[in-house]
Each structure stands twice: as structure tokens, then as C-alpha cells.
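J.: Take a look at the following structure, please.
The values are calculated or read from the model by the stated rules, or taken from the named source; none is laboratory data. Given the structure is predicted, the values throughout are model-derived calculations rather than measurements. No Cβ is skipped: glycine too gets one built from the backbone with ideal geometry, and neighbour counts run over all protein chains shown. These area figures cover heavy atoms from the full protein model, side chains too; ligands, DNA and RNA do not enter into them. Shrake-Rupley method; radii C 1.70, N 1.55, O 1.52, S 1.80 Å.
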Amino acid sequence: MKRLGLLGAVPFVGMLGGVFVANRTTPYVLGMPFLLFWVSLWVVLTSVTLAVIYRLDPRNKEVQRDGGSAVKEVEQ
């Protein structure tokens with residue numbers, strides 16, 4: 001469970017800690033200054049990280065099992 005918490009800290013470190021490293025205008029990536037690209041990239045990576053945490057969290061597996069049985073009842 002602590003690993004999932006540490007994985008949740010990765011976007012925080014990447015977005016806020018990486019700004020000090022990526023604080024420059026050039027190179028332009030996708031027509032954006034590098035810093036804007038860096039922040040935009042981490043917004044996307046944060047969503048991916050949260051999706052991975054959701055899939056790996058054992059508490060969500062119980063909900064999925066309950067949700068799956070509810071769907072079967074509706075289909076019958």
C-alpha cells in the first residue's frame with residue numbers, strides 16, 4: 001500500500017520539482033516553450049499515474065467484483 005502512495009507522489013515531484021530543471025524557453029516542443037510543454041506533459045502523466053494506482057489498489061478489486069455481479073443480474 002505504501003508503494004501506491006509513493007507512486008502518487010511521482011506526479012507531484014515531476015510537475016513541481018521538474019520546473020526548476022525545465023525552466024527554459026528553448027527548445028520549442030509542439031510549438032510550445034519547453035516549460036509549458038513540461039507542465040502539459042505532467043498533466044497527462046498524472047492522469048496515467050492515477051489510472052495505474054486505481055487499477056493496482058486492492059480495494060477497487062472488491063468494488064469491481066460487486067459491480068460485475070450487479071451487471072450480471074441486470075442481464076438475466
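J.: Looking only at region 1-55, count how many residues are open to solvent by 60 Å² or more (accessible area, probe 1.4 Å) and more than 20 Å from the chain's Cα centre (by Cα).
T.: The qualifying residues number 10.
J.: Another question, if that's okay. With the checklist (1) surrounded by 10 or more Cβ atoms within 10 Å (Cβ to Cβ); (2) at pLDDT 85 or above in hand, flag the one item Lys61 doesn't pass.
T.: Evaluating Lys61 over (1) surrounded by 10 or more Cβ atoms within 10 Å (Cβ to Cβ); (2) at pLDDT 85 or above leaves (2) as the failure.
J.: Are there helices (runs of 4 or more DSSP H) fully within region 1-58 with at least 2 residues that are of a type in the set (Gly, Ala, Ser) and at negative phi? List them. Break it down stepwise before answering.
T.: Details: elements: 2-12, 19-22, 34-56.
Per the criteria, 2-12, 34-56.
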